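Report on the structure given below.
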Amino acid sequence: NSILSKYFSANNIGLLSLDIDGIDYWIMEKILSSFKPEIIVHEYNATFGNTTPVSVPLKNHFDRNKEHYSGLYFGASLPAFFNLITINGYYFVGTNTAGNNAFFVKNTIKGRIPKVTLENGFTMSKYRESKDKRGNLTYLTTQKERLNQIKSMKLINVKNNKTIHCSDLITN
């Protein structure tokens with residue numbers, strides 16, 4: 001917020017795009033406490049699914065490739081961002097076809113944009129950038145394969161502040 005406030009006032013950001021492959025949820029939470037951009041484009045981690053509002057824990061100097069060799073452990077689920085951003089006065093428009101960015105517009109400017117539910121707006125990631133311990137691409141495609149790779153890693157359920165593990169998100 002201190003960086004943004006050097007260049008913007010609380011209500012003069014037209015488009016804010018956040019994609020840092022790390023503690024994105026916690027940063028967006030802080031941004032929305034002071035700024036209200038007209039449009040938000042936000043990266044989400046589709047590996048975490050579309051039912052549980054989870055994020056990686058808040059940690060200074062988070063680096064997704066140092067946290068877990070696969071590079072799959074970063075950010076937050078779409079439900080986490082959906083809850084955070086919509087309660088701050090935004091309307092969910094949907095996600096891109098690649099399954100990595102979600103779009104929100106301020107309720108006051110939504111116009112005739114049709115309402116999209118979290119379930120209908122979710123897209124599973126098309127990226128296959130996971131790595132093995134030696135840094136070789138593994139090309140994991142399914143959510144279950146990806147979650148199995150990072151199953152021991154901790155997540156925070158941002159709705160109840162309870163710690164869970166990625167393995168808790170695996171469904172049969």
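Before moving on, here are some points about what is shown:
- For the residue pairs Lys110/Lys159; Lys126/Lys151; Lys66/Lys110; Lys66/Lys159, the alpha carbons lie more than 31 Å apart in Lys66/Lys110.
- Taking every C-alpha pair closer than 8 Å and separated by at least 6 residues, the mean separation divided by the residue count of the chain gives a relative contact order of 22 percent.
- Think of the chain as a dipole: +1 on every Lys or Arg Cβ, -1 on every Asp or Glu Cβ, centred on the Cα centre; then among Asn12, Leu58, Ile170, Ile170 lies furthest on the positive end.
- Degrees separating the helix 24-34 axis from the principal Cα axis of the chain, which is the longest one: 10
- The chain, accessible area per residue, ligands and nucleic acids excluded (1.4 Å, Å²): 54
- Dipole in debye (nearest 20) - segment 133-172, about Cα centre, beta carbon charges: Lys, Arg +1; Asp, Glu -1: 120
- Apolar share of the accessible surface for the chain: 51 percent from carbon plus sulfur atoms, 1.4 Å probe.
- Semi-axis lengths (Å, descending) of the ellipsoid that matches the C-alpha gyration tensor of segment 1-89: 24, 16, 10
- About its Cα centre, the chain has a charge dipole of approximately 100 debye under the convention of +1 per Lys or Arg Cβ and -1 per Asp or Glu Cβ, with nothing else charged.
- Across segment 28-172, the volume of the C-alpha convex hull divided among the residues equals 111 Å³ per residue.
The values are calculated or read from the model by the stated rules, or taken from the named source; none is laboratory data. As the structure is a prediction and not an experimental result, all values here were calculated from the model. All Cβ positions, even for glycine, are placed from backbone atoms using ideal geometry, and neighbour counts span all protein chains on display. Heavy atoms of the whole protein, side chains included, go into the accessibility calculation; ligands, DNA and RNA do not. Shrake-Rupley method; radii C 1.70, N 1.55, O 1.52, S 1.80 Å.
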